[in-house]
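The values are calculated or read from the model by the stated rules, or taken from the named source; none is laboratory data. Nothing here was measured: the structure is a model prediction, and the numbers come from that model. Every residue, glycine among them, receives a Cβ derived from its backbone with ideal geometry; neighbour counts consider all protein chains shown.
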Amino acid sequence: MLKAVRCVVLSVLAASFLPLVMSAQQAPPSADTFVNSATPNVNYGSSIVLAVGSGATSYLKFNLGGVPAGSTVNKATLRLYVDAVISAGQFDVYDLPSSPAWTERGLKFSSPPPPLGSSATGGNPISVTAASVNNFLLIDLTATVQGWLADPASNNGLALFTRSVLPYVTPDINLTQVAAGWSQLASANHTNGITFSAAGTTVPTIAWTGTTPAGGPDVSNNGDNCLGWQQSNTSGNYGDTSAIDATWTQGQNNFRACGNPAALICVQQ
């Protein structure tokens, strides 16, 4: 997988009005770091590289104060310089929800990091091979930057997250395949349901997931997620662990009293 990125720049081509002016802005990250599951209590904010791979996810934040007020963004491109590759693979860029906030010198795997939001590439992962070393990756982030400028409070940065190409299986002795890889896991078309625990016992079919059918975090803070998981006297939308369609994370009409316990689905790659 991609091991390290050394240079990161966000380039923004914007048009401001009265009079019409085209301007190009380049913004290095205002904050960047990565977390590693192998060293959960270590902060890598002082590192000169960003690691992406199995257990390692990088986080970037950009200050767009240099873009003139009232501008229309025509193009925004994230430019990453690949310093090293251990093995070929894919990663994707994810927009982060506005909460919780994070800092370069405070983020650790044990913090925990912010949840992944929607794919900033529209679900089109970036492939990395040995030929990528000492070259730039150019990633279109126009829609993401347009959204940040329209709602500055939504700008909590990005995550570079590795997509696994290995199968996802149940943790019991049978190792029943649930999905052939990350793409299928994040889709609404699984091979089998998640029906067994690591102990080999049948799991409950009802699970609190905090995940929308589209695969993103449920940050709606409404009745779907028990009012931000703060209220037990209301109802919430749950997933069906036996389902092989989108209802495995959240059903359209699956509501349960929030005071009632339910299973949690843990995904490890």
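Observations on the structure shown:
- Taken as a whole, the structure leaves residue 64 outside the set of residues that are modelled with pLDDT under 90, closer than 18 Å to residue 51 by Cβ and part of a loop (DSSP other than H, G, I, E, B).
- For the stretch 146-163, the tally of residues that are among the hydroxyl-bearing types (Ser, Thr, Tyr) and in a strand (DSSP E or B) stands at 1.
- Checking each residue in the stretch 150-168 for being surrounded by 15 or more Cβ atoms within 10 Å (Cβ to Cβ) and modelled with pLDDT of 90 or more picks out 154, 155, 156, 157, 158, 159, 160, 161.
- Note on the stretch 176-193: among residues that are assigned to a loop (DSSP other than H, G, I, E, B) and of a type in the set (Val, Ile, Thr), the one that is nearest to residue 119 (Cα to Cα) is 191.
- Scan of the stretch 135-145 for residues that are surrounded by 17 or more Cβ atoms within 10 Å (Cβ to Cβ) and assigned to a helix (DSSP H, G or I), ordered by number: 144, 145
- The residue that is farthest from residue 208 (Cα to Cα), among those in the stretch 228-239 that are touching a strand residue (DSSP E or B) at 6+ places or on another chain (Cβ under 7 Å) and in contact (Cβ under 8 Å) with a residue 24 or more places away in the chain, is 236.
- When 132, 98, 118 are screened for being out of contact with any Cys (no Cβ under 9 Å at 6 or more places or on another chain), under 15 Å from residue 160 (Cα atoms) and either buried (at least 18 other Cβ atoms within 10 Å of the Cβ) or not assigned by TED's automatic domain parsing to the domain that holds residue 267 (or both), only 118 passes.
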